[in-house]
Amino acid sequence: MTPDGVRWYELPVPRWSDHVAAAGLQARALTTRRELLVAAARRFASQGHHGTSLTQVAADASRTKGALFFHFASKSALGWAVVDEVHASWDDLADRIAARDLDPLRSLLVVFDAQMARLVHDPIVQGGVRVMREDPGMQADRHKWVEGWRAESEVLLQRARAQGLLAGETDPASVSTTLLSTVVGHHYLAETQPDGPSLWERMTATWLGLLPTMAARGWLAEWAVSGWSDRPEPDPEAYARARRPA
């Protein structure tokens, strides 16, 4: 068990992290803002940033366009708000994972699981990722998101090597790049082959094949009996609840 009383591989569910942007808002206004963010993110994910209209977003959130413009001056501002929440909510998740005080390789597994779960189930992330991909003005943020994930992985692998948890000449930089590329490929395949394995299943198989080639024997022996390989897939409803304004 971890300090927060859960199994080490259990995932922390995202929570709202827009505290700075929402500072000073009354409860009703905060609820409206978050409903608009979720409605926008869902539209961005399904139609793209350019294909989404503010009229659609307001209607999806059961709000007026006046209410929307009270919080967001333009569609661009709305897109930026979704992207900002992608970054802020990950920072919160990363802090909660770090607080578990796991060894670096276990932390790496939880980080990847948490990121994959967000990609598949968090509407804010699904919408934000598409906005970052399609809006030229957000390419820097797209790079920040992708490179941040890779760099965080490299740091954890460097710590694992320093602690003697990696085997042979495992190179943290090369492995972190390979892992991120693998997730991207698996995500594409899972979306284009909906009757095939899920992203979760594909990445689990990757770890089961990869870790024995890169981790120290002692670590592998403990990991093999930890229950990780039988961990349940994320609960989509938990992510939906997390994005429902209180």
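No value in this document is a laboratory result; all are computed from the given coordinates. This is a predicted model, so every value here is computed, not measured. Here the Cβ is made from the backbone with ideal geometry for all residues, glycine too, and neighbour counts use every protein chain on show.
Worth a mention:
- Thr55-Gln26 FRET efficiency (beta carbon distance; Förster radius 35 Å; 0.05 resolution): 0.85
- Normalised by 2.2 N^0.38 Å, with N the number of residues, the alpha-carbon radius of gyration of segment 124-177 equals 1.49.
- Angle in degrees between helix 199-214 and the longest Cα principal axis of the chain, rounded to the nearest 10: 30 degrees
- Within segment 174-199: backbone nitrogen closer than 19 Å to the Leu210 label point (7 Å, Cα to C-beta): 174-191, 197-199
- Averaging the Cα positions of each part gives two centres, and for segment 199-246 and segment 91-110 these lie 13 Å apart.
- If R0 is taken as 30 Å, the Cβ-Cβ distance between Ala173 and Arg7 corresponds to a FRET efficiency of 0.50.
- GNM remark for the chain: springs join alpha carbons under 10 Å apart, and the peak mean-square fluctuation among Met214, Met116, Met132 falls on Met214.
- Theoretical FRET efficiency, 1/(1+(r/R0)^6), r = Cβ-Cβ of Val146 and Ala77, R0 22 Å, to 0.05: 0.40
- Dividing the convex hull volume of the alpha-carbon atoms in the chain by its residue count gives 134 Å³ per residue.
- For segment 27-242, the dipole from Cβ point charges (+1 on Lys and Arg, -1 on Asp and Glu) about the Cα centre works out to 660 debye, to the nearest 20.
- Reciprocal of mean inverse Cα separation for segment 1-143 (Kirkwood radius, Å): 16.1 Å
- Helix 27-47 and the longest principal axis of the Cα set of the chain meet at an angle near 70°.
- Between amide H atoms placed 1.01 Å from N, distances below 5 Å from Ala167 occur with Ala215, Ala216, all of them 5 or more places distant or on a separate chain.
- Packing around the peptides 75-82, 180-187, 90-97, 167-174, taken as the average count of other Cβ atoms within 10 Å per residue, puts them in this order, highest first: 75-82, 90-97, 180-187, 167-174.
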